[in-house]
Amino acid sequence: MGVKLQNIIVRKHIRYQDLVGKIIAIDAPNIIMGLFNFTRKNPDASDASLILDRTQRPIFHLYGLLYRVNFYYSKGIFPIFCFDGKVSELKRVVSKDQLKDFLFTQKWYELAVKESNKKLARQIALSKEYMWQNIIKESKQLLGALGIPYIESPASAESQCAYLVKKGIVNFSNSQDFDSILFGCPSLIQNLSKSLRRKVQGKWQYQKIQTLHINLHKNLKNLQISLFQLIDVGILIGTDYFPGITGIGPKKALTLIRKYKNIETLILKEYQNFDFHELTPYIIKRVRKIFVFPEVLESLDNIHWNFPNKTRVMSLLCREHHLDKNRVNSNLAKFEKNYKTCRENFIFKKDYLKPKQATLDYLL
DNA sequence: CGCAAATA
DNA sequence: TATTTGCGG
């Protein structure tokens, strides 16, 4: 769950009109996780409150993505979804065994459905071997059918999004996590959704929120540190790749890094105040490398926003998942309309198609 | 989340 | 017309 940078990073409200005709890289796993956390019947976060179809599989990603992409198009935004590839071994490991597990579990699930063993099907559908892999698989299928481009990053989705912004291929990245800025993403957008409300932890209650923009360059200037040093701050607080040092939060990490310039000096001077036992030179080097030189997909041919393939969408949503036909149809109609106006906008502002000069690389 | 129907 | 409620399978 991303690095806790919210207290030291300045975020500015951004209006929808500033996003018209812009291309935004979407951190797909992050946004899907958001849909998962929200689309529930009860405030308790148990799987029991998920909405399932008659094949006992969750459907939050299907409705969620259809609605969300519709929302992007309605605001004149062109989304490119980025998915995780094989994630670094320091992060949650998706091994080959697990991939094999999924294929096996998938077969097992299909058998349970065939035998109308509802209880078993449900158990498998919600198991961790099956559910997330299948959610991701179906999300890609749906995006493909909707004519939305997506990229499978060799490493993490966030680093791929950051790369696209850095290269000027897209205008913004959209992720709720702050990890993107450690990856050097110059321009990050948060809370990009229609309802602009968020569930308060564990309660059946909402708080109003607004769409926010983070300018990395301005923030570094404001914090008076370099991106390298911000990464060191992140390592101290804790990221997906290292749990962090107990007793050091965002404020303290910032003060310490400002004072000592880097983690090495900090450990040398403050070793009696904190437990740096876990933070070996090897770990420091590895985590820094992940953020500074992430593996990304560089060849990006055939990025297109196509007309939705209605037959394929209907087949996935209604035939496979038994979603309400009328509901899907009316949404598809809106979708096509939004797509058309969006496309006219884009053709009108053709210059966005050409990748701009690579943005200033703060690292060099 | 996002929609549609109900409510003030 | 603006805000709340309940539902999706």
note = Carbon and sulfur atoms account, in whole percent of the 1.4 Å probe accessible area of chain A, for 53 percent
request  = Give the Rg (one decimal place) followed by the Dmax (whole number) of the stretch A:1-77, computed from C-alpha coordinates and expressed in Å.
outcome  = 15.7, 46
task = Kindly provide log₁₀ I(q)/I(0) values, in the same order as q = 0.07 Å⁻¹, from the Debye equation applied to equal alpha-carbon scatterers of chain A.
result = -0.34
query = By Kyte-Doolittle mean hydropathy of at least -1.0 and Cα axial length of at least 18 Å, which whole DSSP H helices of chain A are selected?
reply = A:60-74, A:96-114, A:131-146
request  = Just need the relative contact order of chain A here, percent rounded to a whole number, with Cα pairs under 8 Å and 6+ apart.
outcome  = 25 percent
task = Quick one: accessible surface of residue A:33, probe radius 1.4 Å, all protein chains present, in square angstrom to the nearest 10.
result = 80 Å²
request  = For A:84, A:179, give the ranking by accessible area with the largest first, probe 1.4 Å.
outcome  = A:84, A:179
note = Reported to the nearest 10 Å², residue A:31 has, with a 1.4 Å probe, an accessible area equal to 10 Å²
note = Per principal axis, largest first, the Cα atoms of the stretch A:216-310 extend in Å by 63, 29, 24
request  = Per DSSP H run of n ≥ 4, the term is -39500 (n - 2.57); total these for chain A, divide by its residue number, and report the mean residue ellipticity at 222 nm rounded to 500 deg cm²/dmol.
outcome  = -13500 deg cm²/dmol
note = When every protein chain stays in place and a 1.4 Å probe is rolled, A:213, A:322, A:61, A:304 sorted by accessible area with the largest first are A:304, A:322, A:213, A:61
inquiry  = Which order do you get for A:305, A:132 if you rank them by accessible area with a 1.4 Å probe, largest at the top?
reply    = A:132, A:305
ask   = Ignoring ligands and nucleic acids, what accessible area does residue A:115 show with a 1.4 Å probe (Å², nearest 10)?
value = 120 Å²
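Any idea of the accessible area per residue across the stretch A:1-223, 1.4 Å probe, to the nearest Å²?
46 Å²
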request  = Compute the separation of the alpha-carbon centres of the stretch A:155-193 and the stretch A:311-348 and state it in Å as a whole number.
outcome  = 27 Å
key: Considering only chain A, percent of DSSP beta bridges that pair antiparallel, nearest 5   = 50 percent
request  = Largest first and in whole Å, give the semi-axes of the stretch A:130-255's equivalent ellipsoid, each being the square root of 5 times a Cα gyration tensor eigenvalue.
outcome  = 27, 20, 17
ask   = Per 10 Å bin, what percent of the C-alpha pairs of the stretch A:52-188 does each bin hold, from zero upward?
value = 11, 33, 34, 17, 4, 0
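The values are calculated or read from the model by the stated rules, or taken from the named source; none is laboratory data. The structure displayed is predicted, hence computed values, not measured ones. These area figures cover heavy atoms from the full protein model, side chains too; ligands, DNA and RNA do not enter into them. Shrake-Rupley method; radii C 1.70, N 1.55, O 1.52, S 1.80 Å.
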